[in-house]
Structures are given as structure tokens and as C-alpha cells.
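Have a look at the structure below before the remarks.
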Amino acid sequence: MIENITEHTNLSTTLNQPVLSVEHLYKSFGKNKVLVDFSVELYKAETVVVLGKSGSGKSVLIKCIIGLLAPDSGNITLLGKRINDIKEDELDKIRAKAGFLFQSNALYDSMTVKENLEFPLRRHWIKASQAEVNQMVEDALTDVGLQHTINMMPAELSGGMRKRIALARTLILKPEIILYDEPTTGLDPITAREIIELIKSIQVKYKTSSLVISHDMNCVKNASNRVVILIDGRCYANGTYAELLESQDPRIKQFFE
Amino acid sequence: MSLNSNLQRFLNETGDISRFTGRFFKQWFKPRYEIAEFFRQCFLIGYRSLPLVGLTAFILGLVLTMQLRPSMVDYGVESQIPAIVAIAIVREIGPVIIALIFAGKIGSSIGAELGSMKVTEQIDAMEVSGTNPFKYLVVTRVLAATFMLPVLVMLGDAISLYGSYLGVNIRSTTSFQLFWTQVFDILSFSDVMPAYFKSYFFGFAVGIIGCYKGYNSSKGTEGVGRSANSAVVVSSVMIFILDLLAVQLTDLLGFN
């Protein structure tokens, strides 16, 4: 097994505390061991892509990180707080600073785009007047280039537009960290490229840290500062895209062929 | 073997529904209270069901009266039709039929809505957005169903009796005053209140089973369809079981 192909080259990140730290994470469903001693760290303004085959446990990992699934053992520290045994209201405070883009977008069908975007603001008790809320909604829609959809229903939007609106909903709270669950799955290559560009531009604009779960090599190549390969529930390899591309390990090479 | 596994599945499901109901009562009293969403659900579950309930109740009263008439004429008690229809509708047919219609409309819609929200990760998205999805989705819907069904039953009973008035007047002539005097003369507290109270339990059963089926929907569109379907089937059976228990209880308490 190859671990840590290279020491992380960005000196500034190694000097900082990680915004997300996953240590020795174990998660199984019955006899199916999904995550086995998995560890990963994410630093400020960095984009880490977790690469793995379908069913390798990538989505389970990201749901453990945001507290939707409870790990069997191991530590998850998100924005300086250990979330394993945290109280629900404290977890909600951390979640307000951590956005999550769902694979299926998870837009509320019964609400308009505006109501979808307002929902996290209202639920996290963000103190803002209606004018401020309207401005925040408009800003988030401007970021994803879909201002004209404000009064539309999710069912009226295309797959790519829904993904952008879901991203706008994630952005509205100005999160410090964004977790992306398969952001380009189910999209055509052109739209997928647009979403990748959007992820990159958001990272540059807001200096957010991003953990992207993907098996799309275009996404891995274009969005990542660092790539973690998840095989057999473990962190099999960790390095930049270029470094992993040069690897001769057959289990790593299979992703790049 | 098959009988055993069916029995095991039935017992497992009964246990799961009981736990789900326990969770509902635990969450109900805990803040934060989702008052706005509760009233929105009351509007959707109660007000939006009124046209269907009203129409079926009216036809029910009309048809019951017309079907009853020949036998009543044979026995020479035609004049007692308003009284008999009033007793039948208020005590039994009104609450049960309206609850079954309610189960068909609301139980299936709750089951399908929550099932589809579960499958498309909307429930997870709510949790990530700082919302307790159980309180926001389940508690509000169950409470709205519990409080709205008795109102619908009351209104449905009244509409049904208007249908009966029309039915009486198709073949004979009975004045509006005489009809309603006969209705109110025969009805007593012990007829109205047990029927009213059991409607709360019917509404609760429809709400909790619809939410349970939707909230625990399996992945995929087939799972959503199955949730909606079994929400209606199980809550309809529950309505009859609760009705049976209510009759026994009112009998024991001397309301009959």
C-alpha cells in the first residue's frame, strides 16, 4: 500500500491547523466494512478530492463528516470541534459554517428557488432583515449565474441548473468549508466542466476549503489541489494529481487509464 | 417458514411503528416549535380536503336515505328516516367513511411526499440546514392530521345530513324545520362525543402511519410508490381496529 506519496508541497497549508481532520475512521453496515482506519486532513483554502470507485464508501465518508451518519470509531474534527459526541445544537452551529452539496441536489420540491435559498438562513437563525435576506439570495444566485430563476420551481430547472441552485443554497451562508458529494455525476460533459469551473471560482472568491467526493477524472484533474484515493475503505494514496498520475502502482493506475 | 417470516415482519413493523410513535411524543414537547409549518399543514391537510370530504359526505347522506326508504316504508316508519340516518351518520358512518377518505387522500400524500423527500436526500438536506426533520416534517403533519380530521368529520356529518334532507324530499315532502327537529331530537351527547373523540384517534393513526411509511421509505421510485400504497392500506385497517376498540370502550363507559 502506498500512503502519502509526497509530503504536501504547499508550505502555507502545512503550517496551518487543518479545518477538517478525519482520523482512523471506521464505519460498517452489518458485516460490510465500508471505512477502515480512514484518515484525511483538509487545510484552509485547499481543495481535496477523494477519489474512489462507486460503492467504495465516499458518500458514507462525507455523511460521517457532516454528522448525518455516526462513525463506529475514530475522530472527526470539523472547524476545530470534535463532532463525534457533540450536542445537536452545537453541531447545527458548525453546520452553518460547513456547506454540503448533495449528489441529488436535494432541492425542496415544494419551494421556489428563492424559498430554497432562504431556508438555511431562516433555520440557522441568521439575524437579517427581509431586505438583507433578499440581497443574500440575489448575491448567491449571481455567483452561480441564475438570477432569472428566482421565482421558478425546482421541477422547471434542468439538471445543471438544479446543481447550480443547490450550490447557491450552499453558498448563501458563506461557509468556510464546502463538502461536495459527486458534483458532476449525471451531468453532460459541458455542464460538468461548468460546475468544475464554478467550484474553482468559488474557492478563489471566498477562500473556502473544499472536500470533493468524485470518480470523475475531469473533476479530479481540474478541481483538486490534492487527491486522496479511497480503496478498500482505506486512504490508499495521497498526493497531487500529477504525482499520482506518475505512480506505477496498478491500483492507482487503473483510475488514470 | 413463510408464515414465520411474515409473522416476524409484522411484529418487526409493529415494533418500529411503536418506536416511531414514541419518538413523536418525545419530540412533540421539545422546542423548537414549528408553529408556522403546523398551520401550513392544517391548511393543506384540512382545508384542501374539504371539497372531497364535502362531496362524498353529501352523496353518502343522499344515497343512504334513498336506500333506506323502501324498507322504512314497508315497516310504516317512513317518518323516522331523518332520525335513523342522523344516528347512523353521526355515530358510525360519518367518522369511519370520512376517515377512510382522509386516509386515501392524506395518508397517501404524506407517504409519497416524505418518501420522495427521503429518496432525493431532502430530509438530509434539512438536517444539514439546522432543522430537525422529524419535528419539521413528522410532528407537524401528525398534529395537523389529528386536529383536522375531527373538524372534517363534524362538517362532513352536517353536509351528509343536508344530502339526507334532499333524499327525503325526492319521494315525499318534509319541511326543513321538521327534518332538523327530528335530527336534533334523536341525537344526544352520548351519540356525538364518542364519535368526535374517536376521530382524533383516526386522524392520529392516518398521520403517524403516513409519516412512518414515508420517513422509512426504501430507496428508489418503487419504494416511494410502495410507501404511499401501504400508508393507505395500514391506516385504513387501523381505522377499523380503532373503531372496534372505540365501540367496546363506549359500551363499557355506558355511552350506548
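The values are calculated or read from the model by the stated rules, or taken from the named source; none is laboratory data. Computed from a predicted structure; not experimentally measured. FYI the Cβ positions are ideal-geometry reconstructions off the backbone, even for glycines, and counts take in every protein chain you see.
Only residues that are without any contact (Cβ under 8 Å) to a residue 60 or more places away in the chain and in contact with a Phe, Trp or Tyr (Cβ under 9 Å, 6 or more places away or on another chain) were counted in region A:93-127, giving 6. Which of the residues spanning region B:161-213 are under 30 Å from residue B:140 (Cβ atoms) and aliphatic (A, V, I, L, M)? Result: B:192, B:193, B:195, B:205, B:206, B:208, B:209. Is there a residue being away from chain B (no Cβ under 14 Å), at pLDDT 90 or above and outside any helix (DSSP H, G or I) anywhere in region A:58-71? Yes - at least one qualifying residue is present in region A:58-71. Within region A:146-172, the set of residues being farther than 14 Å from residue A:114 by Cα and in a loop (DSSP other than H, G, I, E, B) comprises A:158 only. Can you name the residue in region B:198-249 that is more than 21 Å from residue B:11 (Cβ to Cβ), more than 18 Å from the chain's Cα centre (by Cα) and surrounded by fewer than 19 Cβ atoms within 10 Å (Cβ to Cβ) and is also modelled with the lowest pLDDT among such residues? Among them, the one singled out is B:219. On the basis of being exposed (fewer than 15 other Cβ atoms within 10 Å of the Cβ) and in a helix (DSSP H, G or I), does residue B:179 make the cut? In short, no. In region B:184-209, the residues that are charged (D, E, K, R) form Cβ pairs under 9 Å with partners that are not in a helix (DSSP H, G or I), at six or more places apart or across chains, as follows: B:191/B:255. In region B:102-117, the residue that is farthest from the chain's Cα centre (by Cα) out of those that are more than 9 Å from chain A (Cβ to nearest Cβ) and buried (at least 24 other Cβ atoms within 10 Å of the Cβ) is B:115.
Residue-wise test of (1) in contact with a Lys or Arg (Cβ under 9 Å, 6 or more places away or on another chain); (2) buried (at least 18 other Cβ atoms within 10 Å of the Cβ); (3) of a type in the set (S, T, N, Q); (4) within 25 Å of residue A:182 (Cβ to Cβ).
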| site | (1), (2), (3), (4) |
| --- | --- |
| A:67 | yes, yes, no, yes |
| A:70 | yes, no, no, yes |
| A:82 | no, no, no, no |
| A:88 | no, no, no, no |
| A:108 | no, yes, no, yes |
| A:129 | no, no, yes, no |
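Within region A:182-197, residues that are of a type in the set (D, E, K, R) have Cβ atoms under 9 Å from residues that are surrounded by fewer than 16 Cβ atoms within 10 Å (Cβ to Cβ) and assigned to a helix (DSSP H, G or I) in these pairs: A:188/A:159; A:193/A:218, counting only partners at least 6 apart in sequence or on another chain.
Of everything in region A:79-135 that is away from chain B (no Cβ under 14 Å), of a type outside the set (Gly, Ala, Ser) and assigned to a helix (DSSP H, G or I), the residue that is nearest to residue A:206 (Cα to Cα) is A:135. If you go through region A:36-56 and keep only what is in contact with an Asp or Glu (Cβ under 9 Å, 6 or more places away or on another chain) and in a loop (DSSP other than H, G, I, E, B), you end up with A:44, A:56. Annotation note: of A:112, A:191, the sole residue that is of a type in the set (Ser, Thr, Tyr) and closer than 30 Å to residue A:42 by Cα is A:191. Does residue B:154 satisfy the condition of being surrounded by 15 or more Cβ atoms within 10 Å (Cβ to Cβ), on the phi < 0 side of the Ramachandran plot, free of Cβ contacts under 8 Å to residues at least 40 places away in the same chain and part of a helix (DSSP H, G or I)? So residue B:154 does not fit the description; no. Screening the candidates B:131, B:140, B:120, B:146 for the property of being within 30 Å of residue A:122 (Cα to Cα), at pLDDT 95 or above and within 14 Å of chain A (Cβ to nearest Cβ) yields one hit, B:140. The helices (runs of 4 or more DSSP H) falling completely within region A:178-251 that include 1 or more residues that are within 19 Å of residue A:164 (Cα to Cα) map to A:189-206, A:217-223.
Applying a threshold of 6 Å to beta carbon distances and a minimum spacing of six or more residues, or different chains, the list of pairs starting in region B:1-29 at a residue that is in contact (Cβ under 8 Å) with a residue 40 or more places away in the chain and ending at one that is of a type outside the set (A, V, I, L, M, F, W, C) and surrounded by 10 or more Cβ atoms within 10 Å (Cβ to Cβ) reads B:17/B:212; B:20/B:212; B:27/B:135.
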